[in-house]
Structure formats: structure tokens, C-alpha cells
Amino acid sequence: MKAITVLLISGVVVTGCVTATVQEIRQGKTGIKSDESVVVLGRKHKTRDETESRFVDCVSRRLESEKSGIGVMSEEEFVDATFPWFEPRTAPLSTGDLTKVISEPLVSARIKDIGVRFLIWIEGTTERTGESGSLQCAVMAGGIPSCFGFLTWEDDSNYEASIWDVKSGMSVGRVSSEAMGTSFIPAVGLPLPIIAQVQDSACSSLSKQLTSFLSDDT
């Protein structure tokens, strides 16, 4: 906790290096009309592998801001409009469960009524895969923080988006994104955080690929 406090006080954060890769598997045609929209969903049950809400929101915002003409309905609005099928206690736990839910005539009809053509189901996590070193901090006279040491860690983001066509009731493909990066905090006095924005990089690469995937009508 001391290290985090000092980082906020120092106010200097340098972005570390991140390596990101994306992969795409297409199983059907997409293409989206001006009166159709998409919604980005993530696992909402309180389990260890719950997809982070922050990442789902990030992908949704980026899709909407890519200037591709794709309409995006927020997850909250979609859950309210399809009550109770996508509430946290009853929402699908896997892509298999999702298939069963959207194949129900009442659910499918409701989703079509609100103008959603594609459901984008995201699974994955960002995890710290390694940490080494140490950082010792103390508050000196006058309230000035002082730290000494070197701390480093690695983060690994792995996410996969399955795209479902509500109109056909079938999966049309998958897009995956992986990002890895190493962060450092060297300190002799004030620390100099060099933070790898791993999750943001995974979100950016996944969103761009999804935009291309959805816009391609071939």
C-alpha cells in the first residue's frame, strides 16, 4: 500500500512496452445495416473467471467511437430491455448456454425488437504472471516520501470475443486478443513507475479487429 500511495504523490507515470496480437476465425457473413446495432456482453456471475466489467465497457466504447457507423447498445440498457434473461443470476455462463438462451423464440424476438443484430460475448482475464524485487518506502520529515528498491512484474491479458448473429441464430466467428507487458518501478528517493498498459492494449486491438469483422459483408 505504501508503494501505491507514493505513486499517486509522485504524479509521474511512464508507459511501458506492450506486445499485442489478434486472431480471427470467420464462420459466416456479417455486414451490419444502419438500423441494426450490436451489444458487448461479459460473464456477470460472481466467479473467479468473471470477465472484468471495465474491459467489456472499454470494448463497447471503442466500438462506438471507431467511426465505422456501427450502432452499439450499452450492456446495461440491453440487460434491462431483455429482463430477466440476462440478469446476473440467470445470465448465460458459457457460449453453449448463450446459444440456448437466444434460440428461445421469446428471447430472440425481444432482441430483434430492440434492434440488436449481433451479440458479442467476451471471455477472458488480465492476470499478473510474475513479480520480483522489492520496494521500501517511508515518509520523511516534512511529509516527503522516500523510496528505495526495484520492483518489476508482468501482466498477461487474454480475451476472446464470440460473435452471434441473432437473425440467423448462429455464431459467425471469433476474435481473440492477447497482450503482454512488463512494468517497472525503480526508486532512489521518488519512484519512477513505468507501467505497461496491458489491458488497454488488448481492448484497443480487439475493438479494431471487431470493427473490421462486423463491417465486412463478404
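The values are calculated or read from the model by the stated rules, or taken from the named source; none is laboratory data. Quick caveat, the model's predicted, so the values are computed rather than measured. Glycine gets a Cβ as well: all are built from the backbone with ideal geometry, and neighbour counts include every protein chain shown. These area figures cover heavy atoms from the full protein model, side chains too; ligands, DNA and RNA do not enter into them. Shrake-Rupley method; radii C 1.70, N 1.55, O 1.52, S 1.80 Å.
For segment 100-218, what mean projected area does the convex hull of the alpha carbons give, in nm²?
On the way: hull surface 44.8 nm².
Taking the Cα atoms of segment 100-218, their convex hull projects to 11.2 nm² on average.
For the pair Ser53 and Phe150, what calculated FRET efficiency results from E = 1/(1 + (r/R0)^6), where r is the Cβ-Cβ distance and R0 = 25 Å, to the nearest 0.05?
0.15
Can you give me the relative contact order of segment 150-199 as a percent, contacts being Cα pairs under 8 Å and 6 or more apart?
Relative contact order comes out at 40 percent.
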Taking the 0 to 90 degree range and rounding to the nearest ten, how far is the long axis of helix 198-215 tilted relative to the main principal axis of the chain, both from C-alpha atoms? 20
Along principal axes, largest first, the alpha-carbon spread of segment 142-196 in whole Å comes out as 67, 22, 9
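Could you please put Ser103, Ser162 in sequence from largest to smallest accessible area, using a 1.4 Å probe?
Ser103, Ser162
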What accessible surface, in Å², does a 1.4 Å probe find on Met140, ignoring ligands, DNA and RNA and rounding to the nearest 10? 110
In whole percent, and with a 1.4 Å probe on the protein chains, what portion of the accessible area of the chain is carbon and sulfur? 55
Tell me which cysteines of the chain come out unpaired when the rule is another cysteine's Cβ under 4.7 Å. Cys17
Add -39500 (n - 2.57) for each DSSP H run of 4 or more in the chain, then divide by its residues: what number comes out at 222 nm, to the nearest 500 deg cm²/dmol? -9000 deg cm²/dmol
How large is log10 I(q)/I(0) at q = 0.12 Å⁻¹ when the Debye formula is applied to the Cα atoms of the chain, each weighted equally and without solvent? -0.70
Whole number in Å², please: accessible area per residue of segment 76-145, 1.4 Å probe, ligands, DNA and RNA not counted. 58
Normalised by the residues of the chain, what does the relative contact order come to in percent, with Cα pairs under 8 Å and at least six apart? 32
Tell me the chymotrypsin sites (Phe, Trp or Tyr not before Pro) within segment 71-124 that lie in a loop according to DSSP and have at most 16 other beta-carbon atoms within 10 Å. Trp85
Summed residue charge, Cβ within 15 Å of Phe184's Cβ, Lys/Arg positive, Asp/Glu negative: -2
